[in-house]
1. Give the residues of region 9-33 that are assigned to a loop (DSSP other than H, G, I, E, B) and either in contact with a Lys or Arg (Cβ under 9 Å, 6 or more places away or on another chain) or hydrophobic (A, V, I, L, M, F, W, C) (or both), sorted by residue number.
2. What are the residue pairs meeting all of these: first residue in region 148-159, first residue farther than 18 Å from VAL80 by Cα, second residue among the hydrophobic types (A, V, I, L, M, F, W, C), Cβ atoms under 8 Å, and 6 or more apart or on different chains?
3. Report whether or not VAL122 is closer than 15 Å to GLN27 by Cα, of a type outside the set (Phe, Trp, Tyr) and modelled with pLDDT of 95 or more.
4. Looking at GLY53, GLY76, can you tell me which residue is in contact with a Lys or Arg (Cβ under 8 Å, 6 or more places away or on another chain), farther than 28 Å from ALA131 by Cα, of a type in the set (Gly, Ala, Ser) and at pLDDT below 95?
5. Tell me whether region 162-169 contains one or more residues that are assigned to a loop (DSSP other than H, G, I, E, B), in contact with a helix residue (DSSP H, G or I) (Cβ under 6 Å, 6 or more places away or on another chain), hydrophobic (A, V, I, L, M, F, W, C) and modelled with pLDDT under 95.
Amino acid sequence: MAEEISGPPPAKELAESVLFQGLDELQLAYLQPNLRFLQFGQGESVFRKGDAGGDLYVIVTGVVTIRDPGPARRKGHDIVVLRAGMLFGEVSFIDSKPRSMDAICGMVTSAAAFSQEAFYAVVAEQPLIGAAILHNLANVLCDRLRRTNSEVMELRTLPTDDGGEAGTSPAAPRIGLYQRLRGSGGE
């Protein structure tokens, strides 16, 4: 279980994160008390697929793996490994729906947790800070969407077992993904 670290997350590490870049020292000082500073052990889950969402996390130190647990928590696979300065949990933070992946710490990890409630309070009291955070969050989401689009396009053009291209049938993206995972030992 996460241990709350007394005091706010360090301003230097927050300033270097993708979520808070561009904020000045006074803005970061205002923001710090609105964040919870947490520490997780190696192998500890920050959250699991299906958990209630609402918090966004910025990694201060350590490593977090975002993992698709697979059906019935078998045959899952790692999606991405995130390091200090990166954020995760943004989808549930935005839409308040259950978590769509697991987030597992690869080592002892500290993170700044930003709740929806705290974010809304910041937006109400300091709209310029809120706007900067939203801008940075939108940039992260756009980068991830562009990367996903590129990966989907790559999968659509992989050859199939019958010599055709994966992009030639309605099931092509799934077929191409299956073949790619099978070929790389992902299954």
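1. Scanning region 9-33 gives PRO9, VAL18, LEU19, PHE20, LEU23.
2. Short answer, once both residue conditions are applied: ARG156/ALA166; ARG156/ALA172; THR157/ALA166; LEU158/ALA166; PRO159/ALA166.
3. Yes: the conditions hold for VAL122.
4. After ruling out the rest, the residue left standing is GLY76.
5. Taking every residue of region 162-169 in turn, none turns out to be assigned to a loop (DSSP other than H, G, I, E, B), in contact with a helix residue (DSSP H, G or I) (Cβ under 6 Å, 6 or more places away or on another chain), hydrophobic (A, V, I, L, M, F, W, C) and modelled with pLDDT under 95.
Results for (1) over 24 Å from LEU31 (Cβ atoms); (2) crowded, with 18+ Cβ neighbours inside 10 Å; (3) without any contact (Cβ under 8 Å) to a residue 24 or more places away in the chain, shown as yes or no for each residue.
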{"site": "TYR57", "(1), (2), (3)": "no, yes, no"}
{"site": "GLY62", "(1), (2), (3)": "no, yes, no"}
{"site": "ARG67", "(1), (2), (3)": "yes, yes, no"}
{"site": "ARG74", "(1), (2), (3)": "yes, no, yes"}
{"site": "ILE79", "(1), (2), (3)": "yes, no, yes"}
{"site": "LEU82", "(1), (2), (3)": "no, yes, yes"}
{"site": "SER92", "(1), (2), (3)": "no, yes, no"}
{"site": "SER96", "(1), (2), (3)": "no, no, no"}
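The values are calculated or read from the model by the stated rules, or taken from the named source; none is laboratory data. Remember, it's a predicted structure, so these values are computed and weren't measured experimentally. Backbone-built Cβ (ideal geometry, glycine too); neighbour counts: all protein chains shown.
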